[in-house]
Amino acid sequence: AQTVTQSQPEMSVQEAETVTLSCTYDTSENNYYLFWYKQPPSRQMILVIRQEAYKQQNATENRFSVNFQKAAKSFSLKISDSQLGDTAMYFCAFMSRNAGNMLTFGGGTRLMVKP
Amino acid sequence: EAGVAQSPRYKIIEKRQSVAFWCNPISGHATLYWYQQILGQGPKLLIQFQNNGVVDDSQLPKDRFSAERLKGVDSTLKIQPAKLEDSAVYLCASSVTSGTQAEFGPGTRLLVL
């Protein structure tokens with residue numbers, strides 16, 4: 001079974017600054033995807049960014065980028081130029097392609113962006 | 001395209017009562033997931049369907065929870081009887097079979113008194 005660990009329950013950052021959220025995972029598989037999802041207060045879970053395990057290049061989506069270290073099983077999210085709207089819970093997730101797209105989540109990091 | 005639909009959005013019941021939640025996935029999405037998210041925690045997978053078959057239900061408390069996806073499209077999740085610890089948000093998500101991400105519905109917030 002896969003496990004996903006987010007070691008930072010809460011973080012805060014000043015508006016316009018950069019913050020990095022950590023995630024580690026444990027798996028014996030080679031065929032998988034990793035995701036960061038954002039869940040604003042009382043709102044829907046939305047995908048922020050995804051990374052295919054077979055790709056060495058780190059994924060980027062505008063102000064969001066990841067540092068994917070496959071050997072270390074680490075998958076951190078960097079948010080640049082933080083905005084007030086980035087305040088949310090952030091969940092790291094692992095999708096096993098060998099197990100019918102089973103999707104496992106970490107415990108989440110609560111990010112507060114301060115004005 | 002329309003997103004994942006869930007109803008009701010909120011439900012308050014007393015312990016030992018029954019409750020049912022409904023989910024309609026994105027059209028063409030063969031994989032459907034039900035997650036339980038307790039306040040302050042990450043979502044926990046309850047059951048995963050591929051079309052109308054169960055892929056994984058190892059974490060579903062089968063003595064009180066049941067789920068079905070009879071025609072391989074929409075799905076219902078039932079709790080009977082409910083316990084206080086079932087208070088949570090129940091999230092439905094879907095993905096295409098060979099897809100790379102799951103899309104989530106707005107969730108059903110359940111409070112058991």
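Summary table below
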quantity	calculated
Unique residue being over 10 Å from the mean Cα position of the chain (by Cα) and among the hydrophobic types (A, V, I, L, M, F, W, C) when the list is A:A72, A:A93	A:A72
Cβ-Cβ under 6 Å pairs, at least 6 apart or on other chains, the stretch A:85-106 side among the polar types (S, T, N, Q), far side in a strand (DSSP E or B) and crowded, with 17+ Cβ neighbours inside 10 Å	A:T87/A:V113; A:S96/A:Y32; A:S96/A:M102; A:N101/A:M95; A:N101/B:T31; A:N101/B:S95; A:T104/A:V4; A:T104/A:F94
All positions within the stretch B:63-113 that are over 21 Å from A:F94 (Cα atoms), under 14 Å from the mean Cα position of the chain (by Cα) and of a type in the set (V, I, T)	B:V73, B:T76, B:I79, B:T108
Complete set of residues in the stretch B:36-57 that are of a type in the set (S, T, N, Q) and more than 9 Å from chain A (Cβ to nearest Cβ)	B:Q36, B:N51, B:N52
Residue pairs meeting the criteria (Cβ under 6 Å; at least 6 apart or on separate chains; first touching a residue at least 40 places away in the same chain (Cβ under 8 Å), in the stretch B:32-43; second among the polar types (S, T, N, Q) and assigned to a strand (DSSP E or B))	B:L32/B:S75; B:L32/B:S94; B:Y33/B:Q48; B:P43/B:Q37
Subset of the stretch A:59-99 [open to solvent by 60 Å² or more (accessible area, probe 1.4 Å) and more than 20 Å from A:Q2 (Cβ to Cβ)]	A:T60, A:E61, A:N62, A:K78, A:D81, A:Q83, A:L84
Some residue of the stretch B:105-112 being more than 28 Å from A:R97 (Cβ to Cβ), outside any loop (DSSP other than H, G, I, E, B), in contact with a strand residue (DSSP E or B) (Cβ under 7 Å, 6 or more places away or on another chain) and within 11 Å of another protein chain (Cβ to nearest Cβ)	yes
B:S27 being more than 23 Å from A:M95 (Cα to Cα), of a type in the set (S, T, N, Q) and open to solvent by 30 Å² or more (accessible area, probe 1.4 Å)	no
Residue match in the stretch A:9-16 (condition: surrounded by 15 or more Cβ atoms within 10 Å (Cβ to Cβ) and not hydrophobic (A, V, I, L, M, F, W, C))	no
Criterion violated by A:S42 - all others in (1) open to solvent by 70 Å² or more (accessible area, probe 1.4 Å); (2) small (G, A, S); (3) under 16 Å from the mean Cα position of the chain (by Cα) satisfied	(3)
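Here is a yes/no grid of residues against (1) surrounded by 14 or more Cβ atoms within 10 Å (Cβ to Cβ); (2) among the aromatic types (F, W, Y); (3) in contact with a Cys (Cβ under 6 Å, 6 or more places away or on another chain):
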| residue | (1), (2), (3) |
| --- | --- |
| B:Y33 | yes, yes, no |
| B:L46 | yes, no, no |
| B:Q50 | yes, no, no |
| B:D57 | yes, no, no |
| B:R64 | yes, no, no |
| B:V73 | yes, no, no |
| B:K83 | no, no, no |
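The values are calculated or read from the model by the stated rules, or taken from the named source; none is laboratory data. Just so we're clear, the structure is a prediction, and the values are computed from it rather than from any experiment. Every residue, glycine among them, receives a Cβ derived from its backbone with ideal geometry; neighbour counts consider all protein chains shown. Areas reflect the complete protein model, heavy atoms only, side chains present, ligands, DNA and RNA absent. Shrake-Rupley method; radii C 1.70, N 1.55, O 1.52, S 1.80 Å.
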